[in-house]
Structures are given as C-alpha cells and as structure tokens.
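The next block holds one structure in the form of structure tokens; read it before the comments.
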Amino acid sequence: MARNRPVGCSGDPRYLEIPNVLRTRPITTLIALLLITVPAVGQTDKIPADQLKADFEALYTGLASAHFDLYANRSKEEYDTEFEAALAQLDTSLTRQQASVVFQRFAAFGNVAHARIDYDRADFEAYRANGGKILPLALRIVDGRSYVGENYSGNEDLKTGSEIVSINGRPMPDWLALTARNVSADTPYIAHSLLEFLFPMYLWLEEGPIDSFELELRDGAKGTKRITLAALNREQIEANREASDETFALDSTTREAAMLDGGVAYLRPGPFYNAEKPETPWDNRKFVRFIDESFESFLDAGATRLVVDLRQNPGGDNSFSDPMVAWFADEPFSFASAFRVRSSTEARASNQARLDANPGMTEGASVFFAERYAETPLGDTFEYPIPKTAPRDGKRFDGEVYVLIDRHSYSNAVTVAALVQDYGFGVILGEKTSDMATTYGAMETFSLPATGLVVGFPKAHIVRPSGELRTDGVTPDVPIRSPIVPATNDVVLEAALKYIAEAS
C-alpha cells in the first residue's frame, strides 16, 4: 500500500510504548515506524571507558551532522559545555543501559523530541518483576504544578486532586526538572504530559529504590500537611487499583461512531494506524471502511453537527486520517505547508538501509529521498513536495465540525487538528496539545559502534498548513480544561456538547 506521507514525518510516533508503570498492563499510546535492532552488547556487559568516550564523541558529531538544526534551542557554546561536563564523567566502564541514560540526557539537552535514544527499560522491568517497589501514584501536572491524579497507595488520607508540594523534602518543581532531563521534549509542557505516565519510573532511575515517601500536600486555606506513603510492588498496586472507585477513562485504542442527542454525530476514530493488526500497521482498508460506514450512518440519521474526538489519540499516519477529513473538507488540503529536509551522511545511510530492506521499491518517499540526497550537498536542504488531498467525491458531510483535543493528543492527531483549524474546516475544542504542529521531525537513526545505541534525529523541519514557523502545539479555539481528578463521567465531552448546543 502506498503511503502519502514520507517515513518519519511530523506524524511519526514519539515513543514505542509509554507504559503506565503503576499497572501490570501497559498503555500503548504510540507505535514505532522504525525497527530498531538490538545490539549484541549484553545488559550486564561492561563497556570500557575509552570506548564510551569515543561513542559519546560520535553521538555529538553525528547529531551535529544529521540534525536539521541542532542549535535551534541551545547554542553551540551551551552544547560544548554540556558535552565536556558529561564526557568528563565517563571515566569508568558502564553497562549499555547505564551508558544509554548518560547519552540520552545529552540527546535530550536540545529540547527536540525527535532527537533521542529510547530508554531501554530492561533494568526497571527486572526490578519490578522481582518485587521492586515504586511510588504508587500517577501525577497530573498542570501549569508546572503537580497533583495526585491517581492514587494506588491504599492510603485513604491521600485524596486525588491534592497538590503535591514536595516529596521527601525536595520541591516538586525540582523533581520535575530532575526527571524531565531524561525525556526528549520540545517544551516543559510535553515533558510533563509524558511524566504523567512515567514519573515513578524516572524517579526510580534517578534515586534507585526508596522504601517510603513523605509527601507535603497543599491543603487549601489550612496550609500544608504531610503524609507518608510506603513504596509498593506491582501486585500491591494492582490490588489497590482494582479496589479503587471506578472513574471515567478514555481508551486510546477505541473506535466509536454514534448519534448523540440533538442531531450530533460523535466519531472517535481511534489510532491512525492498524492497531488491530500491528504486524501490518499501515494497512488502512479496514479503517477506511469504518470511516465510510460511520459517515454513511451519520448522513442517514440526519446529523447536522459532528464531533471528532482526538483526545488521548496516539496518532499514526495521514493515509488513515486523510480519508476521514475528506468527508468534511471543502477544499484540497495537506498536512503541512513545507517539508524541508537536511542532507547528511546519516540521513542518507538510514534511507539507504530502508531501500536495501525493500529491494523491489522503485517509487515512494525513500526513492525520492535517495535521488535528492545524491544531488544535494551535505548540510544543504531540499523540499519534499506534499501532494494535496481532494475533498471526497459524492456524498459528503457539510454540517458543522468540532474537533476535541487534549494534552495527550499526539503525532498525527495533532496534525489533523492543525489542518482542520488552519483550513477552517471546523472548530477546535478542548485542551492545548503538548505535541507540536510545527516541528523538527522526520526521524531517522544512526548507531554508535561500541555501545550499539540507536540515536534518533530529526532530518526535517515540518511546518503546519498555516505556515506558522514557531514550534508550538495546537491551541483550541474554545478551551475546555481537563479535570485534575478523574470524574465518573466524561465531563469534557459534556462541556463540549453544551458549547455546541449553545453555539447553534
């Protein structure tokens, strides 16, 4: 199946999997476009210091060569200072996993999500599997302030929604900064959105096992109070979770189409990839059938307004989302106004590896890239032409369109929201996305020789349809704040429907 979008574009997944580290079952929020080969170096084998230093130098050299703009957010002087400080610490042998932490912190230093070394959680998972205990909470982080989003401690004195002022005497802003240094993210907002899933894991990574946690909580007009929580293992957390009160939660994999009151059609398209068959992630045929049947049913029911719910959506590819948008678009559209690619040795090699793995490939983005790399001097850029998608022929939905987003709308879900907003196809409701609409993306990879670590880098600058060059998320036309404390019902959707009813 041909794909309209080049491999590694703005809709690329950020992480293979973002786990809910408190539970036994992971939340798969984003999938990988690239297959990463596991190196031969074992988890416990030590890599000599001289080889680590050589790899660290190769990391910096490779990023400087391959990254579309390594110094977009940090100056060369800042990078050099950070590099020298980290290099000086590599004076002893480390395991591959230990090295990956040091190297990732340097990759994350530039505040670009697609420059990264994905954290190998083997040590953490082994710790958990052997009864290891962690902080039994999930955070909710709003405007840099931390709240108890989910409480699996079993301590009834700890209420969800309570603001956490400090943990074990350290202020929460300091904890957020310490743990966020492990996360490649363009802004603190996106780093915090990821830490809502990952904070207990990165807390363990930074501090090791901790037996108990003293939480200082803000208690309104009463000032602050302190509660001590015991660290819990996986089984204890799961038991407390099962015993907790049921609250509303969105499922990132759900695909749903329904008619609501007042002639409002509700569409939750789910991931823009084949989540049902991960072995063929880009086979969109079943998804397109679902979309077509959904809109046919909406039209038959006389729908005049449509809500497209992209909250908690992991994204995917525009070969899925374009057929959906084409049902209500009133002019040709594309996911970006510009797609500029930097020519580098690393990008060429990564692209060639893809071609070598598919020897019959004679057309498509990778073939185009190979041709342009061959004629573009290293360090120069070229444009990737983005075809426009036409509105659907025949039946179309011509009613009012509303798109619902939140901080956990990622990747191609952000792209869809941006193009709907920029082309004027509909009204955006909800919470500003933490992921970017204009971004450094189109991630490719290179490997380091001694450690075998795979380094991701953005080869392109992808600009949203409006032409806005500033790296930023999608700001809703109508803000609806997500609740800090999970409710028993979908209060955000209810608020959206109330606005729609009043606006009609």
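The values are calculated or read from the model by the stated rules, or taken from the named source; none is laboratory data. This one's a predicted model, so the numbers in the text were calculated from it and none came from an experiment. So basically every Cβ, Gly included, is an ideal-geometry build from the backbone, and we count neighbours across all protein chains shown. The area values use the complete protein model at the heavy-atom level, side chains included, leaving out ligands, DNA and RNA. Shrake-Rupley method; radii C 1.70, N 1.55, O 1.52, S 1.80 Å.
Things worth noting here:
- Being closer than 23 Å to GLU242 by Cα and assigned to a strand (DSSP E or B) is a description that does not apply to VAL165.
- From the options LEU215, LEU229, LEU250, residue that is among the aliphatic types (A, V, I, L, M), open to solvent by less than 80 Å² (accessible area, probe 1.4 Å), under 22 Å from SER146 (Cβ atoms) and modelled with pLDDT under 95: LEU250
- If you check PHE382, PHE369 for being open to solvent by less than 50 Å² (accessible area, probe 1.4 Å) and either touching a Leu at 6+ places or on another chain (Cβ under 7 Å) or part of a helix (DSSP H, G or I) (or both), only one passes: PHE369.
- Looking only at residues in the stretch 190-239 that are touching a residue at least 12 places away in the same chain (Cβ under 8 Å) and of a type in the set (Lys, Arg), the one that is nearest to THR471 (Cα to Cα) is ARG218.
- Qualifying residue in the stretch 219-233 (condition: part of a helix (DSSP H, G or I) and in contact with a Lys or Arg (Cβ under 8 Å, 6 or more places away or on another chain)): no
- Complete set of residues in the stretch 71-109 that are of a type in the set (S, T, N, Q), in contact (Cβ under 8 Å) with a residue 12 or more places away in the chain and part of a loop (DSSP other than H, G, I, E, B): ASN73, THR92, SER93
Yes/no matrix, rows are residues, columns are (1) touching a Lys or Arg at 6+ places or on another chain (Cβ under 9 Å); (2) under 23 Å from GLY131 (Cα atoms); (3) not in a helix (DSSP H, G or I):
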residue	(1), (2), (3)
VAL183	yes, no, yes
ASP186	no, no, yes
TYR189	yes, no, no
HIS192	yes, no, no
PHE197	no, yes, no
ILE210	yes, yes, yes
PHE213	no, yes, yes
LEU217	yes, no, yes
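- The residue pairs whose first member lies in the stretch 330-343 and is under 19 Å from LEU70 (Cβ atoms) and touching a residue at least 40 places away in the same chain (Cβ under 8 Å), whose second member is polar (S, T, N, Q) and assigned to a strand (DSSP E or B), and whose beta carbons are closer than 8 Å, counting only pairs six or more residues apart or on different chains, are ARG340/THR381; VAL341/THR381; ARG342/THR381.
- Condition met for PRO486 (more than 25 Å from TYR71 (Cβ to Cβ) and either of a type in the set (A, V, I, L, M, F, W, C) or at pLDDT below 95 (or both)): yes
- Pairs meeting the criteria (first residue in the stretch 110-134 and closer than 20 Å to ARG96 by Cα and without any contact (Cβ under 8 Å) to a residue 12 or more places away in the chain, second residue open to solvent by 50 Å² or more (accessible area, probe 1.4 Å) and outside any strand (DSSP E or B), beta carbons under 9 Å, at least 6 apart or on different chains) are ALA126/GLN43.
- Taking the numbered list (1) of a type in the set (A, V, I, L, M); (2) more than 30 Å from PRO200 (Cβ to Cβ); (3) in contact with a Pro (Cβ under 8 Å, 6 or more places away or on another chain); (4) assigned to a loop (DSSP other than H, G, I, E, B) in turn, ALA303 passes all entries but (3).
- GLY424 fulfils the conditions (1) free of Cβ contacts under 8 Å to residues at least 24 places away in the same chain; (2) open to solvent by less than 10 Å² (accessible area, probe 1.4 Å) except for a single criterion, (2).
- Filtering THR439, THR415, THR433 for residues that are part of a strand (DSSP E or B), among the hydroxyl-bearing types (Ser, Thr, Tyr) and closer than 30 Å to ALA365 by Cα leaves a single hit, THR439.
- Single residue of the stretch 234-247 satisfying the filter (charged (D, E, K, R) and part of a loop (DSSP other than H, G, I, E, B)) that is most open to solvent (accessible area, probe 1.4 Å): GLU246
- Any hit, the stretch 489-502, residues being under 30 Å from ASP50 (Cβ atoms) and open to solvent by 10 Å² or more (accessible area, probe 1.4 Å): no
- Any chance ALA99 is farther than 22 Å from SER411 by Cβ, open to solvent by 30 Å² or more (accessible area, probe 1.4 Å) and either at pLDDT below 95 or among the aliphatic types (A, V, I, L, M) (or both): no
- Remark: pairs (first residue in the stretch 160-180, over 9 Å from SER146 (Cα atoms) and β-branched (Val, Ile, Thr); second residue in a loop (DSSP other than H, G, I, E, B) and at pLDDT 95 or above; Cβ separation under 8 Å; 6+ apart in sequence or on different chains) = ILE167/LEU135.
- Selected residue (only one of SER350, SER334, SER411 is surrounded by fewer than 20 Cβ atoms within 10 Å (Cβ to Cβ) and under 24 Å from the mean Cα position of the chain (by Cα)): SER334
- Scanning the stretch 276-296 for any residue that is farther than 25 Å from VAL485 by Cα, open to solvent by less than 10 Å² (accessible area, probe 1.4 Å) and among the hydroxyl-bearing types (Ser, Thr, Tyr) turns up at least one such residue.
- Filter pass, GLU346 being in contact with a strand residue (DSSP E or B) (Cβ under 6 Å, 6 or more places away or on another chain), closer than 30 Å to LEU306 by Cβ, at pLDDT 95 or above and not polar (S, T, N, Q): no
- Checking THR438 against (1) at pLDDT below 95; (2) open to solvent by less than 10 Å² (accessible area, probe 1.4 Å), the condition it does not meet: (1)
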